[in-house]
Amino acid sequence: CAVRAAHVLSETAKNEEMKIACLEADLVLTLIPLLESTDQEMLLHAGRAIGRICYENRDLQEELVKVGVIPSLVRILTDYAESEPLVHVALLALYNLADLDSAKEALSMTKVAEQLVKQLRRAESHERLEIVFEVLQALAENDALKVQLVDAGVPEVLSEILLRLHGSSQAEDTCIVKAASDLIVSLLLGGKNGNITGQAHKESTSRNGNCLRMVQLGVIHQLLDLLEKHVQSGDTSVTQAALSALQNLAVPAVSKVQILEEGVTERIEALLRSESPPAQFKLLGTLRMLADGQADAAEILGQDPMLLSRLVQWCSVSEPSGICREANRLLASILHHNRSQEVVKAIQAAEGVKHLVSMTTSEHAAMQNEALNALAIASAIDLETLEESFKESQLVQNLHKLLRDDNTSPEVKYNSMGLLCRLLNSGDLRQEIEEDKIKDTLERLCSHSNANVVKEAITTLQILRGET
């Protein structure tokens, strides 16, 4: 009678009041051993009964994990992978338990990743795909499981799904595409345990490998295909997910080179013509990440007159402010990582220099430093080209204000003096520096509380006096 009793309980547990009665009778612990049965009907009814009784009861769910339900669920997925009802019950149970840290730890000791990949490949309904994605999304928060998911081939399946659904305008397909894009982001980001001492390097290496693997699979082009299709339609849920995935793929140096070789920058630039501010904001951020540490990328971007013209336009807009900020930061990044005189001349011709000078007085210290460093590097490459713009935009006077202001951070003061040292190579700018009596301010900074500021003030004074 055990199978029939389990069936009755699974139906009874649909009722909220009867669920309480089942709890009071300790039926969950009685049902758990039945999950080791080889009778598929028994597994089905026992699994449903346990799931319904424990639904939204965190204490009971923790108890389930403690008494060993996780290996039983993974066994059902493994041994009965072709049984739709049993797979559904096991997936639902995993979905309800996967948020628990104890469940993730228990799952990391199993081969659940392989089974979930198998279910992703054979899933025919949107409902099945969605529940598998939900489980994967929860598991990707755990670093050990994330490695297992990648090793089991999740990136390859995501690539296949994106390729298969490319061009579809059905709402259900759109939801799956979004879920796949979100999962890509989760696999590329650090998990909840990402800052544990001793793991940082290992996880960074793993994340870089994941990025390169996905780029090589063609995921980045599939994401760009998605964006080209959805960005104009205003479908923000899909575009935001795809943009986040794209941005994360552009972070590691190992994947930047591959991305550049595949001509991705040109496709991103084309997408920038979109009139969607959220998309523009993230695309600008993606280009900035591609330029970070990559002189080749900086030169490609810095010699595109249409892109520079658009960036300069955005640098002037007041709304939305995020676009203006990202455009300025991309301009600074191009100059900072570039080593070409042609790029300096192109940005000067596009009238971008004045915006970088304005950026030195930003309310954000990080942006101030980005602008100061970019202008210092550009000045080292071709000060003669920039000289007139620096005078017109009153760069020297801006730097003096930063040095005088007690609220300016030590790093900004330090970088301001580094730029001043570059400007002293111009006769006209040296004259402005002397006329603005910056020397007096530098002498005061020689007694600053920050040792680096003091050292740079002494060096700048020596160059100003012609001592070195």
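The values are calculated or read from the model by the stated rules, or taken from the named source; none is laboratory data. The shown structure was predicted, so the numbers you read here are calculated from the model rather than taken from an experiment. Every residue, glycine as well, gets a Cβ built from its backbone with ideal geometry; the counts of neighbours run over all protein chains shown. Calculation scope for accessible area: heavy atoms of the full protein, side chains included, ligands and nucleic acids excluded. Shrake-Rupley method; radii C 1.70, N 1.55, O 1.52, S 1.80 Å.
Search the stretch 120-138 for residues being farther than 14 Å from Ala179 by Cβ and assigned to a helix (DSSP H, G or I), and hand back the single one that is least open to solvent (accessible area, probe 1.4 Å).
If we take residues in the stretch 120-138 being farther than 14 Å from Ala179 by Cβ and assigned to a helix (DSSP H, G or I), then Arg122 is least open to solvent (accessible area, probe 1.4 Å).
For the stretch 118-150, give me each residue that is over 26 Å from Ala171 (Cβ atoms) and of a type in the set (Val, Ile, Thr).
Val147, Val150 - these are the residues of the stretch 118-150 that are over 26 Å from Ala171 (Cβ atoms) and of a type in the set (Val, Ile, Thr).
If you go through the stretch 1-21, how many residues are within 45 Å of the chain's Cα centre (by Cα), more than 15 Å from Ala93 (Cβ to Cβ) and surrounded by 15 or more Cβ atoms within 10 Å (Cβ to Cβ)?
Going through the stretch 1-21 one residue at a time, the tally reaches 1.
Here is a yes/no grid of residues against (1) of a type in the set (Asp, Glu); (2) within 18 Å of Leu395 (Cα to Cα); (3) open to solvent by 30 Å² or more (accessible area, probe 1.4 Å):
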| site | (1), (2), (3) |
| --- | --- |
| Leu429 | no, yes, no |
| Glu432 | yes, yes, yes |
| Glu435 | yes, yes, yes |
| Leu461 | no, no, no |
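Being under 19 Å from Ser169 (Cα atoms) and of a type in the set (A, V, I, L, M, F, W, C) is true for just one of Ala245, Ala241, Ala297. Which residue is that?
Values: Ala245 fails: under 19 Å from Ser169 (Cα atoms); Ala297 fails: under 19 Å from Ser169 (Cα atoms).
Unique residue meeting the criteria: Ala241.
Which of the residues spanning the stretch 15-41 are over 15 Å from Leu73 (Cβ atoms) and either of a type in the set (S, T, N, Q) or at pLDDT 90 or above (or both)?
Residues satisfying the conditions are Asn15, Thr30, Thr38, Asp39, Glu41.
Only one residue in Ser447, Ser416 is small (Gly, Ala, Ser) and surrounded by fewer than 21 Cβ atoms within 10 Å (Cβ to Cβ). Which one?
Every option except Ser447 fails the conditions.
Restricting the stretch 267-303 to residues that are more than 21 Å from Gln222 (Cβ to Cβ) and not in a helix (DSSP H, G or I), which is most open to solvent (accessible area, probe 1.4 Å)?
Only one residue tops the list, namely Glu275.
Which condition number does Ala451 fail, the rest of (1) in contact with a helix residue (DSSP H, G or I) (Cβ under 8 Å, 6 or more places away or on another chain); (2) over 24 Å from Ser358 (Cβ atoms) being met?
With (1) in contact with a helix residue (DSSP H, G or I) (Cβ under 8 Å, 6 or more places away or on another chain); (2) over 24 Å from Ser358 (Cβ atoms) applied to Ala451, the lone miss is (1).
How about the stretch 372-404: which of its residues are open to solvent by less than 20 Å² (accessible area, probe 1.4 Å), closer than 20 Å to Glu299 by Cβ and of a type in the set (A, V, I, L, M)?
Ala374, Leu375, Ala376, Ala378, Leu386
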